[in-house]
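The values are calculated or read from the model by the stated rules, or taken from the named source; none is laboratory data. Here the structure is a predicted model, which is why all the values come from computation and not from measurement. Quick reminder, even Gly has a Cβ in these numbers, built from the backbone with ideal geometry, and neighbours come from all protein chains shown.
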Amino acid sequence: MMENKFILVCILFSCLLTTFSCKKRNLSDGCQGVEATVKDFRSLAGCKFLLETKDGKTYNPAGYTGTTEGGLSNLANARQIRFEFEKMEDAMSNCMRGEMVTITCMEILEEGRPSSGMEEGNSSGDL
């Protein structure tokens, strides 16, 4: 009988520990990460959206573990975002641009169609 109580207490403790140790962040919590401009590179083979920061770094979001509904598909309707990320060590992409990252939190700062990543080299703005 004492053994059953001990097992029950251990199970309850494990459940409580699991429940309270993993707190997911919501979009309303805001991200404390990096601000970036979303660039549309879908015209290049193997590329989708890249994130360019004010200091000139480029990130290639290849994964998403945040709680925002829609995940990376939200980038199609964003011009500016703030995001937190984890580097993907030894990851490669057909795009061959930017550092591969998994986004862990994303907040859309400005909605709208992302600018084309090819604009700098095209004076007409058309692709």
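Is there a residue being small (Gly, Ala, Ser) and at pLDDT below 80 anywhere in the range 110-117?
Yes; the residues of the range 110-117 include at least one that is small (Gly, Ala, Ser) and at pLDDT below 80.
Which of (1) assigned to a loop (DSSP other than H, G, I, E, B); (2) in contact with an Asp or Glu (Cβ under 6 Å, 6 or more places away or on another chain); (3) of a type in the set (Ser, Thr, Tyr) is the odd one out, the single condition Tyr59 does not satisfy?
Unmet for Tyr59, out of (1) assigned to a loop (DSSP other than H, G, I, E, B); (2) in contact with an Asp or Glu (Cβ under 6 Å, 6 or more places away or on another chain); (3) of a type in the set (Ser, Thr, Tyr): (1).
Please verify whether the range 26-41 includes one or more residues that are crowded, with 16+ Cβ neighbours inside 10 Å, in a loop (DSSP other than H, G, I, E, B) and at pLDDT 90 or above. Talk me through it step by step, then tell me what you get.
Of the range 26-41, the ones crowded, with 16+ Cβ neighbours inside 10 Å are 31, 33-34, 36-41.
Cutting the leftovers down to in a loop (DSSP other than H, G, I, E, B) gives us 31, 33, 41.
Imposing the further condition that a residue be at pLDDT 90 or above reduces the set to 33, 41.
The answer is yes; a qualifying residue exists.
Looking at (1) in a loop (DSSP other than H, G, I, E, B); (2) at pLDDT 90 or above; (3) acidic (Asp, Glu), which is the one condition that is false for Glu52?
Of the numbered conditions (1) in a loop (DSSP other than H, G, I, E, B); (2) at pLDDT 90 or above; (3) acidic (Asp, Glu), the odd one out for Glu52 is (1).
What number of residues within the range 69-105 satisfy the criterion of being hydrophobic (A, V, I, L, M, F, W, C) and part of a helix (DSSP H, G or I)? Walk me through it before giving the result.
Residues of the range 69-105 hydrophobic (A, V, I, L, M, F, W, C): 72, 75-76, 78, 81, 83, 85, 88, 91-92, 95-96, 100-101, 103, 105.
From the residues that got through so far, the ones that are part of a helix (DSSP H, G or I) too are 72, 75-76.
Total meeting the criteria: 3.
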